[in-house]
Every structure is written in structure tokens, then in C-alpha cells.
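Q: Quick one: structure below, then a few questions.
No value in this document is a laboratory result; all are computed from the given coordinates. What you see is a predicted model; the values in this text were computed from it and never measured. Neighbour counts run over all protein chains shown; Cβ positions are idealised from the backbone, glycine included.
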Amino acid sequence: MNSPVVTSAQMREAENVAFARGVSAEALMNQAGAGIARAVQQFFPRPGYCLVFSGKGNNGGDALVAAAHLKRAGWHTDVHLSFPESQCSDLSRKKITGFRDTSPVAAAVSAANRGCSPPTIILDGLLGLGSKPPLRDPILAACREINRLRQEHRAYVFAVDQPTGLDGDSGEADRDCVIADFTVTIAATKRGLIADNATNFVGRLEVVPLSDLPLETADETVTCTASLHGLLPHRPFDAHKNQFGRVGIVAGSRGFAGAATMCTWGALRGGAGLVEVFVPENIYEIAAAAAPFESMVKLVKSYRDLIEEKIDVWGIGPGLGKDNANEIIELIQRAESPMVVDADALNIISANVSILKNCRGPRLLTPHPGEMKRLAGDQKISRAELAKKFTSEFPVTLLLKGSRTILAESGKRISYNTTGNPGMATGGMGDVLTGVCAALLAQNLSPFDAARVGAWACGRAAELALFNNSESEQSLLPRNVLTNLGRAFREL
């Protein structure tokens, strides 16, 4: 299931209910610590060096349990206690002893000996649920040291439950708040972690579910990998291409032929049975030369002619230009097949957004923040509130791109996607996403589920490109995402 977005008070209440049922705090801590260790290994499968900054409460205990798991997996681990051991909680002291008694794996081989630099990670286990700024010593000094190590030694910081110094309800941060690269939140997503102003402190958000701590559904959720399982069913052995849809890509213009190519690749890698790309005469030759061999490139003289094409799903907009705006509007309105609308197609719509109320088929819009501003105006509300408002006014599915991509549709709970990394901030990523989402629609996913799976898969593919030591945030390209989509889909 998806992870509900909750307040600190709701989380405390859920814990108290579990304790009343006989669930022990230690059992929850053991589950949490094991999940944190799995999260670390998800991104860093090869052992490296782990430094734990532990407070005196259960947040530190969670980090210590995780460190013990990593130690057994071959990681070199050290612990920095911010308080004398005598001041730590009973359960925390027990986990300190457990960590010390954990024997490292004798056969562990350092990553350096395998020819690559071992990762250095820091577990921020200083303060957890309910903590708020301002910070005070010795926690303040520890936060400054974590941030220094991150900056000067390129250590990766994993915050346990929430970054120390961040208000888990509002997202407000102390000036010395820990800057986490990853936040592994326990049981449910705390509301402050998805606040727009908290993003750069939270980093990549991962949720560790606790089986002994079930939570009620909420108005907003975070997409978890487990919630996507089954949306891409196994293909029958006698499958044929017509079962997986014919996708039509309407993209590209003079100077932007590459957008059509990237979008076409996205549709192919996303699993479409057939992909046809429709381009104007002035780029036909270059588009045909650059297109994947597996696609068909067709000349379009008037976009109105496409209304009668036998296409199951349309992907329209990347690099399209605005020279034929009236024809594009007519295609968006009159085509009966589902359609992913992106880039210049969104810019064309922004001149008269009301046309979205009269489309003949389902429409999935995939704007980046600038395109969303043109569609909805400069409204001084949060991105989530904007997504809710827009989808209440227009009968569309919205994929609002960003570091926390938001999925919205009238009658459905807002969902946040958390996969991806800053390396995706480069031209062409949105073109790939448009193609992938169109392919998923062609495989009979609903627009909302196609948006969820598409956003998750592209983000996860970008992560895999970085954490298999082949790319960096600077070098990441859309083609790297395309290459790793298969590995991402296999996780579903």
C-alpha cells in the first residue's frame, strides 16, 4: 500500500494503540533498524564506511540497530554518542551494547580492494519524531559536524525518520538543520517531510513500513514500490504486439527533432507494442534518420488528419513548437483515445485552458513548474494545493513534475513520487517520461496508475544509473534513464 502522510500526533497515537495491543517498543525498533539498513543497501549494495551519530532516545536506537545490520553485512561502522551513555534511554543503551557485541563479517572485502571507492555514509540518529527547532548543544554541534563531513568529505547522509533540526509537521528548519541526501522515515511519511520548503533538507525520501504498526488511510500518500506491484501484469506466453497498444507520438519541429526521438524511445522502452511518430515535412528526413529502428516515422501535413488515425494512445507535445496551435488544439479536443499532453502542447493549451473541459478522451498532463504556472497562473499556494485545485476544476489527471512529483486526479488521494535525483534536471527527461506514460496507458493502466508507475520508473532508472557507479549527477542523460528502465521495471 501507499504510505499515508501523517502528523506527529497521529503517529504517536498509532504507536500507543500498538503498545496497548502488546507490541513492544523494541520490536518496532528492530523492524525500523532492519528497514533502514535495507534502504542503505538499496542505494549502496557494496559495503563501505558508516558513521552513526546517535542521540539519547529511540531515534538513536533505530540507527544503532541499522548499524549492527550493516556491520554484519561487511560495513566498517563507528558510533558517535552525543550524550554520555548513562543519559541514554534504557532501550538505546541496550542497542549500544548490541552494536558493540555484533561481530563484523570476517570475509568482508572492502570496496577499495574491488577497484572502486567505498561509500561513506552517515546515519543521523540524533532526534526523531516530535522534535522541533531551535537546536541546542550538544545536538547542535553534532548537526554542524554532520554537515561539515557531507560537504568536505562527500559523505552521504541518511536521516533516520526525519533530519535533525526539521519540524516534522511544518517542514520548518533550523539554520543548522542536517542536510540529508536520504531520509528513511519510519512507518509513515511525516507531513513536514513533503513540505515544499523541506525538500533540500530531506533529499530522497524512503519509507520503511512496520507490519506491527498499521495506519489508516490519509488524504495524501507517498507512492511505495509495493503499491505498484501487480500494475504491470505478467505477459501471457502467446502475447503479440497488438495486445500492448499502438502509441502515436506527435512531437518535434525545426531545431527540436531530438525531442521526438527521446519520446519515441520512452514509448518503446515503456513497453508499447507499436510506436508511430508523426512529424512535419521540414524535419522528416532528420527525424527518420534519428528514430529508433523499432519505430515508424510518418509525415504529417495537417495535425487535424491525425484525429482519424487508428492510435490507441497519443503522446503529444515534446519539441512541437506553436506554429500549428489551432490544429493541435483540435487534435487534443477531438481525439477519442487517451492522450499524454506535455511541453509545447501544454503551452498551446495555456492560452485557453477551458478546452480541457471538452476533451473526448482521458487526458494526462505532465507539466514542469513553469508550464504549470502558465496553465494555472502564479498562485501563492503549495504545489499540492495547486494540483488539487486544478484537478477539481478540470477533468484531467495531473503529473506535476518536480523533486517531489505530485500525482492528482479528482476523486483520488494526492500521491507523491519520491524516486529520482538532481541529475534528472536536464533537457529530454520529460520527453522520455511522456513516452513511458503513453506506453503504460497503452497497456491498459488507468491514467492515474500510468502516471504513478511512469514517474516512479523514470526516477528509479535515474537512481540506478548513478548508484551502479556508471554516472554522476553531472553526467546523467535521458539515454541513461532509458538504458536502466528495464532494471527499474524488474523491481515491480
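Q: On a 0 to 90° scale, report how tilted helix 478-490 is relative to the longest principal axis of the chain, with both axes built from alpha carbons and the result rounded to the nearest 10.
A: 70
Q: Using amide H atoms built 1.01 Å from N in the peptide plane, name the residues 5+ places from residue 204, or on other chains, whose amide H lies under 5 Å from its own.
A: Placed amide hydrogens put 182, 183 under 5 Å from residue 204.
Q: Still on this structure, I have one more. For Cα pairs less than 8 Å apart in space and 6+ apart in sequence, what is the mean separation divided by the residue count of region 31-90, i.e. the relative contact order in percent?
A: Computed over region 31-90, the figure is 43 percent.
Q: Oh, and also: Going by average Cβ neighbours within 10 Å, how do the peptides 352-361, 188-197, 314-323 rank, with the highest at the top? Working shown, then result.
A: Numbers: 352-361: 13.6, 188-197: 23.0, 314-323: 25.2.
The peptides rank, most packed first, as 314-323, 188-197, 352-361.
Q: Report, please, the projected area of region 221-269 averaged over directions, based on the convex hull of its C-alpha atoms, in nm².
A: Numbers: hull surface 22.6 nm².
About 5.6 nm², averaged over all directions.
Q: What pairs from 241/388; 322/401; 310/380; 56/190 go past 31 Å between their alpha carbons?
A: Numbers: 241/388 37 Å; 322/401 22 Å; 310/380 42 Å; 56/190 21 Å.
Exceeds cut-off: 241/388; 310/380.
Q: Can you give me the Rg/Rh ratio for the chain, using Cα atoms for both radii and the Kirkwood formula for Rh?
A: Details: Rg = 24.2 Å, Rh = 23.8 Å.
When Rh is taken as the Kirkwood radius, the ratio is 1.02.
Q: If you don't mind, another one. Among the trypsin sites (Lys or Arg not before Pro) in region 241-300, which ones are in a DSSP loop with at most 16 other Cβ atoms within 10 Å of the Cβ? Mind listing them? Numbers along the way, then the final one.
A: On the way: sites: 241, 246, 254, 269, 298; in loops: 254.
In loop regions of region 241-300 (DSSP not H, G, I, E or B), the sparsely surrounded trypsin sites (Lys or Arg not before Pro) are 254.
Q: Also: Using only alpha carbon pairs under 8 Å that are at least six residues apart, calculate the relative contact order of region 400-453 and give it in whole percent.
A: Details: 36 pairs, mean separation 16.1, N = 54.
With pairs under 8 Å counted, the relative contact order is 30 percent.
Q: Then there is this: Under the rule of -39500 (n - 2.57) per DSSP H run of 4 or more residues, summed and divided by the residues of the chain, what mean residue ellipticity at 222 nm is obtained, to the nearest 500 deg cm²/dmol?
A: Details: 16 runs with 186 residues, N = 492.
Dividing the helical sum by the residues of the chain leaves -11500 deg cm²/dmol.
Q: Could you let me know the centre-to-centre spacing of region 26-81 and region 332-363, using Cα atoms, in angstrom?
A: 48
Q: Right, another one. Which trypsin sites (Lys or Arg not before Pro) does region 387-492 hold that lie in a coil by DSSP with at most 14 other beta carbons within 10 Å? Don't skip to the end; give the middle numbers.
A: On the way: sites: 388, 389, 401, 404, 412, 413, 452, 460, 479, 487, 490; in loops: 401, 404, 412, 413.
Listed in order of number, the matching sites are 412.
Q: How high is the relative contact order of the chain, given as a whole-number percent (alpha carbon pairs under 8 Å, six or more residues apart)?
A: Values: 1098 pairs, mean separation 61.0, N = 492.
Result for the chain is 12 percent.
Q: If one takes the longest principal axis of the Cα atoms in the chain, at what angle in degrees, from 0 to 90 and to the nearest 10, does the Cα axis of helix 447-467 lie?
A: 60
Q: Okay, next question. So what is the diffusion coefficient of region 3-222 in µm² per second by Stokes-Einstein at 37 °C and 0.692 mPa s, using a Kirkwood Rh over Cα pairs?
A: Taking Rh from Cα pairs, D becomes 190 µm²/s.
Q: OK, next. Mind checking the alpha-carbon convex hull of region 241-490 and giving the volume per residue in Å³? Present the calculation step by step, with values, prior to reporting the outcome.
A: Numbers: hull volume 29.1 nm³, N = 250.
Given the Cα convex hull of region 241-490, per-residue volume reads 116 Å³.
Q: Mind pulling the angle between the C-alpha long axis of helix 257-269 and the longest principal axis of the chain? Nearest 10 degrees, somewhere in 0 to 90.
A: 60
Q: Another question, then. Exactly which chymotrypsin sites (Phe, Trp or Tyr not before Pro) in region 198-250 are in a DSSP loop and have at most 11 other Cβ atoms within 10 Å? If you can, show how the numbers build up before the last one.
A: On the way: sites: 201, 237, 244; in loops: 237.
Of the chymotrypsin sites (Phe, Trp or Tyr not before Pro), the ones in loops of region 198-250 whose Cβ has at most 11 other Cβ atoms within 10 Å are 237.
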